[in-house]
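The values are calculated or read from the model by the stated rules, or taken from the named source; none is laboratory data. Worth saying up front: this structure is predicted, and the values here are computed from it rather than measured. Every residue, glycine as well, gets a Cβ built from its backbone with ideal geometry; the counts of neighbours run over all protein chains shown. Please note that ligands, DNA and RNA were not included when accessible areas were found on the heavy atoms of the full protein model with its side chains. Shrake-Rupley method; radii C 1.70, N 1.55, O 1.52, S 1.80 Å.
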Amino acid sequence: MIDSVVEILLVEDNPEDIELTLRALKKSKLANNIVVAEDGEEALDFIFARGKYSDRSVICSPKVILLDLKLPKVSGIEVLREIKKDPRTSIIPVVILTSSTQEVDIEESYKLGANSYIVKPVNFENFIQSLRQMNDYWLVLNRLPSR
């Protein structure tokens, strides 16, 4: 069973980007309570407590979701759409963390309710700094309504 307190759900299909992100989070002292979903279908199963995640509750949602857009099975845009249209999950902050700089992706993400759009920096130190700033805001400063 997944620990009921998940701080970050990382939705990423590229093993190198997963490792890089986890290393950056660890270096930023944010490596606790992270769940990785490697495709959009697994992310939706986790968020909505289905399939192998049926032993958890939808109410025990992550504090923030880091969502890549280019995913197998179900796209990141579709994952975002499903999260934001469901009243049980619509308040979860979703940070798009992607390599896409396409204006259409940025616009569609915000239209669907993304809380932030971050283009993955190529430089590891810049990536660490980006994740540290994201943590400071979403996990420390930001307040969500209690459930």
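Would you confirm, using the coordinates I've provided, whether residue 45 is modelled with pLDDT of 95 or more and outside any loop (DSSP other than H, G, I, E, B)?
The answer is yes for residue 45.
Pull up region 22-77, narrow it to residues that are among the polar types (S, T, N, Q) and in contact (Cβ under 8 Å) with a residue 40 or more places away in the chain, then point me to the one that is most open to solvent (accessible area, probe 1.4 Å).
So the residue we want is 57.
Scan 30, 10, 69 and give me the residue that is closer than 21 Å to residue 117 by Cα and at pLDDT below 85.
30
Give just the number: which of (1) in contact with a helix residue (DSSP H, G or I) (Cβ under 7 Å, 6 or more places away or on another chain); (2) more than 20 Å from residue 127 (Cα to Cα) does residue 111 not satisfy?
Residue 111 satisfies every listed condition except (1).
Report, by residue number, each residue of region 79-106 that is open to solvent by 90 Å² or more (accessible area, probe 1.4 Å) and either charged (D, E, K, R) or part of a loop (DSSP other than H, G, I, E, B) (or both).
85, 87, 88, 101, 102, 103
Among the residues of region 78-105, write down those that are under 17 Å from residue 11 (Cα atoms) and either aliphatic (A, V, I, L, M) or free of Cβ contacts under 8 Å to residues at least 12 places away in the same chain (or both).
79, 80, 83, 92, 94, 95, 96, 97 - these are the residues of region 78-105 that are under 17 Å from residue 11 (Cα atoms) and either aliphatic (A, V, I, L, M) or free of Cβ contacts under 8 Å to residues at least 12 places away in the same chain (or both).
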